[in-house]
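**Student:** Encoded as structure tokens, here's the structure I'll be asking about.
The values are calculated or read from the model by the stated rules, or taken from the named source; none is laboratory data. What you are looking at is a predicted structure, and each value in this text was computed from that prediction instead of being measured. A quick note on method: Cβ atoms are made from the backbone with ideal geometry, for glycine too, and the neighbour counts reach across all protein chains shown. For the accessible areas, the whole protein counts, side chains as well, though only heavy atoms, and no ligand, DNA or RNA atoms are used. Shrake-Rupley method; radii C 1.70, N 1.55, O 1.52, S 1.80 Å.
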Amino acid sequence: MEGYERPRINGDDVEHVNTGAASKNRDDEFWFDDGSVVLALGDIEFRVYKGVLSDYSPVFRDMFSLPKPTSPSDTIGEAPTELTADSCPVVQLSDHPGDLKHILRMCIPKSGSILNPFVTNRPSRSTISALIRLGHKYQMGVVVDHAVAYLKIWYAAPAFDTSPKWHLLYSDDGAPGKTYAIEVVQLARLIHEPSLLAPALFLCCSLGEEIVQGYKHDDGSCSALSLEDLGRCIAARSRLADETVSLVLSVFSPPVAKACATPETCETAFQDILSALKGHADLIAHPDIFRSIPVHLGSGLSAMKLQCASCSKMVKKRDADKRRELWRLLPEIMGVRDEVDGWTQERV
Ligand SMILES: [Zn+2]
């Protein structure tokens, strides 16, 4: 994974030891004295088990079986280049040690880990990114699948009616967060996961100046949108604003429902709602086109109470139908229609 190496190394959780001619830092979380391989990342070493990593990753399996070093340009890692004093092979890797730890915590959970299957846990953003990036690099399918399944809870949805938990992303209450969508765009492209790409780009449209600042990882590195994706978001924001205004006008415009109990009152109510919405431009212009205005306003708009039950039901149906249609068009709106096959058939 070219360009993913991160220069910063947190030395707080390593133990300084000497394992040979060069001075090395032994990781205190993943150093098993009976381990069968030493993974050296910069000046930090992990002593773990070849068999476990080989079981998860054909790349590690092949790497550990290489008879001699090959050109770095030909392979992800290198064959063992040296042996420790007790003949344990040492393999050099170019990844960030912190990222490798996330992988090891999943593959070799220690006694302090949460192993109770009845306890749910929210992984950190750095964990999600590391599992997907390194899991992809080392072809650890099950690791990537777990991380992607978690992301889909927040950033994708199997169908419009079971909408993603975007309202929680906006409140940023411990969910991966809205700005993490920038990183999700990169991850979706890395692993070719179209169900995440269009929603992640859509969420980027609701960012302010953070959209150009990028997403800052805990280790100080940064994921930024490409200029092409920035352009897509700028174009989409304009389109989304148009669609929202159009949606509001069509949802609250006459005629009233066929079964309307009080046509004159309801027609007046529609006009009053449209008039009252002039004072709620922030709601109308909000880039989250999937936030239902009738539902969001609820009884907050007094004129909403004046509609009869039939008209109220009709308004909600108009709103849902229009938003469902926009959801169907999301890849096109976000300018990634060519990258997202099967969206229409699977998502609506
Ligand atoms: Zn009515």
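**Student:** Take the conditions modelled with pLDDT under 70, more than 16 Å from the ligand (Cβ to nearest atom) and either under 30 Å from residue 208 (Cβ atoms) or open to solvent by less than 10 Å² (accessible area, probe 1.4 Å) (or both) and apply them to residue 331. Does it pass?
**Tutor:** Values: modelled with pLDDT under 70: no; more than 16 Å from the ligand (Cβ to nearest atom): yes; either under 30 Å from residue 208 (Cβ atoms) or open to solvent by less than 10 Å² (accessible area, probe 1.4 Å) (or both): yes.
Considered against the rule, which asks whether it is modelled with pLDDT under 70, more than 16 Å from the ligand (Cβ to nearest atom) and either under 30 Å from residue 208 (Cβ atoms) or open to solvent by less than 10 Å² (accessible area, probe 1.4 Å) (or both), residue 331 comes out as no.
**Student:** Tally time: how many residues in the range 301-327 are within 16 Å of the ligand (Cβ to nearest atom), buried (at least 16 other Cβ atoms within 10 Å of the Cβ) and at pLDDT 85 or above?
**Tutor:** Residues that pass the stated criteria total 8.
**Student:** Name the one entry in 262, 268 that is of a type outside the set (Lys, Arg), over 37 Å from the mean Cα position of the chain (by Cα) and near the ligand (Cβ under 10 Å from one of its atoms). Give the steps one after another, and end with the answer.
**Tutor:** Details: 268 fails: near the ligand (Cβ under 10 Å from one of its atoms).
262 is the lone residue from the list that is of a type outside the set (Lys, Arg), over 37 Å from the mean Cα position of the chain (by Cα) and near the ligand (Cβ under 10 Å from one of its atoms).
**Student:** Any residue in the range 253-275 that's closer than 20 Å to residue 322 by Cβ: show its pairings with residues that are more than 10 Å from the ligand (Cβ to nearest atom) and basic (Lys, Arg) at Cβ separation under 9 Å, as long as the two are six or more apart or on different chains.
**Tutor:** Qualifying pairs under 9 Å: 269/305.
**Student:** I've got another one for you. Listed residues 212, 248, 256; which is of a type in the set (Val, Ile, Thr) and in contact with an Asp or Glu (Cβ under 6 Å, 6 or more places away or on another chain)?
**Tutor:** Values: 212 fails: in contact with an Asp or Glu (Cβ under 6 Å, 6 or more places away or on another chain); 248 fails: in contact with an Asp or Glu (Cβ under 6 Å, 6 or more places away or on another chain).
Matching residue, one of 212, 248, 256: 256.
Okay, residues lined up against (1) among the β-branched types (Val, Ile, Thr); (2) more than 19 Å from residue 182 (Cα to Cα); (3) assigned by TED's automatic domain parsing to the domain that holds residue 322:
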residue: 204; (1), (2), (3): no, no, no
residue: 208; (1), (2), (3): no, no, no
residue: 216; (1), (2), (3): no, no, no
residue: 231; (1), (2), (3): no, no, no
residue: 243; (1), (2), (3): no, yes, yes
residue: 252; (1), (2), (3): no, yes, yes
residue: 257; (1), (2), (3): no, yes, yes
residue: 273; (1), (2), (3): yes, yes, yes
residue: 292; (1), (2), (3): no, yes, yes
